[in-house]
C-alpha cells in the first residue's frame, strides 16, 4: 500500500492482497465494529453512487442514517439536515460531499465526539482529515466503503474475499468480480 506521510490515515488506490498491511486490518476492524452509519450527502436518487453504495451497505445489515437537508426520507429511514440533528448513536460518518464541504462535516464530528470518519473515494481534503485525526478520530479517505466491506468483511474471513477487477468503484455500472474462494456467499 502507498503511504502519503507518517500519520495513521493514508490515501490508497489499490490493495494488492489481504496481507497488505496494518492499514487494511485496521479498516477491517473498523467496519466489523460499526452498526450505525450516518451518510452525509446521501441522495434520494437511486442512480447516484451515494444511494447505491448506502443501499448496498444496508443489505449487509448496517443501519443507514441519511444526512441531507430538504429530504424527509431516504432508503426507508428518516433523513436529517445535519449531523447535529441525528438522535441515534452514530458509529461512523460516511461523507459523499465535495472536498470543500468536508471541513464542516469534520467540525460537526468533533463537536459530537464521533470516533470514525470515512471520506468516500474521489474526495480528498487532507487538512480536514488531519484535523479529525488530531481530534482522535479514525479516518479513512479516498476509499469506497462498499467495495472495502465487500472485499474484506462480507464473507467473514480475510481469506474469502471478492476482488474487483475494475480500478475504481462505480455503482453506476455492474462491477466484474473474481471469486477467490469457492465457499463465498456471493
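The values are calculated or read from the model by the stated rules, or taken from the named source; none is laboratory data. The structure displayed is predicted, hence computed values, not measured ones. Positions of Cβ are generated from backbone atoms using ideal geometry, with glycine treated the same way; all protein chains shown enter the neighbour counts.
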- Item | Pick from region 65-88, criterion in contact with a helix residue (DSSP H, G or I) (Cβ under 8 Å, 6 or more places away or on another chain) and surrounded by fewer than 20 Cβ atoms within 10 Å (Cβ to Cβ), ranking: farthest from residue 110 (Cα to Cα) | 75
- Scan of region 93-138 for residues that are part of a strand (DSSP E or B) and crowded, with 22+ Cβ neighbours inside 10 Å, ordered by number: 93, 94, 95, 117, 118, 119, 120
- Task: Please specify each residue of region 38-79 satisfying the condition of being within 20 Å of residue 114 (Cβ to Cβ), in contact (Cβ under 8 Å) with a residue 40 or more places away in the chain and not in a loop (DSSP other than H, G, I, E, B).
- Result: 38, 39, 40, 50, 53, 54, 57
- Would you call residue 82 more than 19 Å from residue 148 (Cβ to Cβ) and touching a residue at least 24 places away in the same chain (Cβ under 8 Å)? yes
- Item | Residue check, residue 83 in contact with a strand residue (DSSP E or B) (Cβ under 7 Å, 6 or more places away or on another chain) and at pLDDT 90 or above | yes
- Task: Residue by residue through region 10-37, note down the ones that are closer than 27 Å to residue 51 by Cβ, part of a loop (DSSP other than H, G, I, E, B) and at pLDDT below 50.
- Result: 12, 13, 14, 15
- In this structure, does residue 121 turn out to be at negative phi, out of contact with any helix residue (DSSP H, G or I) (no Cβ under 7 Å at 6 or more places or on another chain) and modelled with pLDDT under 95? yes
